[in-house]
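Please treat every number below as a calculation from the coordinates, not as lab data. Note that the structure is predicted; figures quoted are calculated from it, not measured. Here Cβ is always computed from backbone atoms with ideal geometry, including for glycine, and neighbour counts include all displayed protein chains.
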Amino acid sequence: MIMKEKLILTADFIRYNIKIIFANKFIYFLIAAFAFFLMVTGIMLFSDSSPDEADIYKSLIFPGILILFYPVIYNIQSDKDTRMLEILFGIPNYRYKVYLVRFALSVLLLLLTMCLMSWITVFAIIRISVFHMVYQLMYCLLFLASLAFLLATLIKNASGAAVVMVIIGLAFLILAEPLQSSKWNIFLNPFNVPGDMSYSIWQNVLSQNRMMLVVGSVISILWSLINMQKRERFV
């Protein structure tokens, strides 16, 4: 009986947070991501050149950013907007439970969408390893999601955090070309092996890049949860 009640409470808890994630404008970001993906897929499909895995990786990065942008940036402010604060304040240690679970749900949604887009690519353009492609994509996307969550907790305003995140994203994009084969490039394409670099050195650069992204993601999430100890100031 106790286990059944816990399962019901857990299901309600997840359902409430999914409701918040899909509230307001998220559906527009999701539609925009699929529209952009389908447009790029159409261009590749009717192009004279044959796309490879490096091209597919680049075509999936931007839709992934669009999908993670709204639920992560507006993770905090949406509680007030959807009038669900009373639910959160009734949960012990809600700062950690609610926002960590909600962040995990957002990442899971992103993961499933990237899998779907990759499968569409397999049927429409080129056969690729879907799970390997999504695995590589999630390093960059998880880091950006964690950074966006951290900025939201530091700035304490979703719109302000969104502006700062856009500026940071543009800076990363500008630096992506000069740092194309560098371990400091967060958009490092693992399928675009430089012709002037040995494969062993490239694998070392790639592993260091992925390790830094993982460490950066963990630090950002932990820092965000610490900031949530002062959650009341957000509302």
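A simple spin-label model places the labels of Asp196 and Asp52 1.8 nm from each other, with each point 7 Å out along Cα-to-Cβ. Annotation: peptides 38-47, 125-134, ranked by per-residue average of other Cβ atoms within 10 Å with the highest first, follow the order 125-134, 38-47. Each residue of region 57-64 is assigned a 3J(HN,Hα), and the resulting list reads 4, 5, 6, 9, 4, 5, x, x Hz, derived from the Karplus form 6.51 cos²θ - 1.76 cosθ + 1.60 (θ = phi - 60°), x at Gly and Pro.
With R₀ set to 25 Å, the beta-carbon distance separating Leu175 from Ile43 gives a calculated FRET efficiency near 0.45. When peptides 145-151, 60-66 are sorted by average Cβ neighbour count within 10 Å, with the highest value leading, the order is 145-151, 60-66.
Here the calculated FRET efficiency for Tyr28 and Phe131, from their Cβ-Cβ distance with R0 = 30 Å, stands at 0.55, rounded to the nearest 0.05.
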